[in-house]
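Step one of this worksheet: look at the structure below.
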Amino acid sequence: MMLSIDERESLMDYVTQLQSHQLKVTPQRLEIVDILTRYGHVSIEELYAKLQDKFPTLSLATIYKNLKMMQERSFLSEVKLAHQKSVFELQKEEHAHLVCSSCGAIVDISLDASTLISYAQSKSSYTIDYSTINLYGTCAKCQ
Ligand SMILES: [Zn+2]
Ligand SMILES: [Zn+2]
């Protein structure tokens, strides 16, 4: 298979990214990283469908195991959503999600939740170690 220079560079980049999280580099994982890089937020079923071309024998269970491992190494994160299946994304800086209730489109919006978290802590006896913020509405296309 002939790769363009761009493809080869991003492939090297994916190798480095996986290795920096102590993850073994496999062709399947490289493809998962490529899909997440290109599409942003992807459900396991969508990943499975997109991986079928290159890896027709790859099972949903194997993809799931890979995702779990990549999540444990803080390489990926799972975004749990109301009324629709979880999606996976590459770990990035803190952000919230805008979710279209009509078509399910998901957009990242950078957000620092520290003010909200310290407010919540000051108003309660909780120490907060995790937060996820999803805002639901209607995207421009669906309006
Ligand atoms: Zn929409
Ligand atoms: Zn996101």
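The values are calculated or read from the model by the stated rules, or taken from the named source; none is laboratory data. Because the structure is predicted, anything quoted here is derived from the model rather than measured. Cβ atoms come from the backbone with ideal geometry, glycine included; neighbour counts cover every protein chain shown. Remember, those area values only see protein heavy atoms, side chains included, never the ligands or the DNA or RNA. Shrake-Rupley method; radii C 1.70, N 1.55, O 1.52, S 1.80 Å.
What is the gain in length, in nm to one decimal, between K123 and C103 on full extension, counting 0.36 nm per residue of separation less the C-alpha to C-alpha distance? Walk me through the numbers on the way to the answer.
Numbers: separation 20, 0.36 × 20 = 7.20 nm, distance 3.65 nm.
Gain on extension, K123 to C103, equals 3.6 nm.
Measuring from a point 7 Å past the Cα of E78 along Cα-to-C-beta, which residues in segment 15-54 have an amide N at less than 13 Å?
Counting only backbone N, you get 43-45.
With the other protein chains left in place, how much accessible area per residue, in square angstrom, belongs to segment 86-139 at a 1.4 angstrom probe? Each step should come with its number before you reach the end.
Values: 3640 Å² over 54 residues.
Using a 1.4 Å probe on heavy atoms only, each residue of segment 86-139 averages 67 Å².
So how much slack lies between F55 and D6, counting 0.36 nm per residue of separation and subtracting their Cα-Cα distance, in nm? Walk me through the intermediate numbers first.
Working: separation 49, 0.36 × 49 = 17.64 nm, distance 2.24 nm.
Here the answer is 15.4 nm.
Using the Kirkwood formula on the Cα atoms of the chain, what hydrodynamic radius do you get, in angstrom to one decimal? Spell out each step's value before the answer.
Numbers: mean 1/r = 0.0586 Å⁻¹.
It works out to 17.1 Å.
Taking R0 as 30 Å, what FRET efficiency do you get between T138 and A113 from their Cβ-Cβ distance, rounded to the nearest 0.05? Don't skip to the end; give the middle numbers.
Details: r = 24 Å, r/R0 = 0.78.
The pair T138/A113 has a calculated efficiency of 0.80.
Efficiency by 1/(1 + (r/R0)^6): what FRET value for S131 and S86, r their Cβ-Cβ distance, R0 = 22 Å, to the nearest 0.05? Numbers along the way, then the final one.
Details: r = 17 Å, r/R0 = 0.75.
That gives a FRET efficiency of 0.85.
What percent do you get for the relative contact order of segment 12-64 when only Cα pairs under 8 Å and 6+ apart count? Walk me through the intermediate numbers first.
Working: 24 pairs, mean separation 13.9, N = 53.
Reported relative contact order: 26 percent.
Test of understanding: what is the full-extension gain from R38 to D13, defined as 0.36 nm times their sequence separation minus their Cα-Cα distance? Don't skip to the end; give the middle numbers.
Working: separation 25, 0.36 × 25 = 9.00 nm, distance 1.39 nm.
This chain segment gains 7.6 nm when fully extended.
Any idea what the relative contact order of the chain is, in percent, if you count C-alpha pairs under 8 Å spaced at least 6 apart? Walk me through the numbers before you get to the answer.
Numbers: 141 pairs, mean separation 25.1, N = 143.
Averaging sequence separation for qualifying contacts and normalising by length gives 18 percent for the chain.
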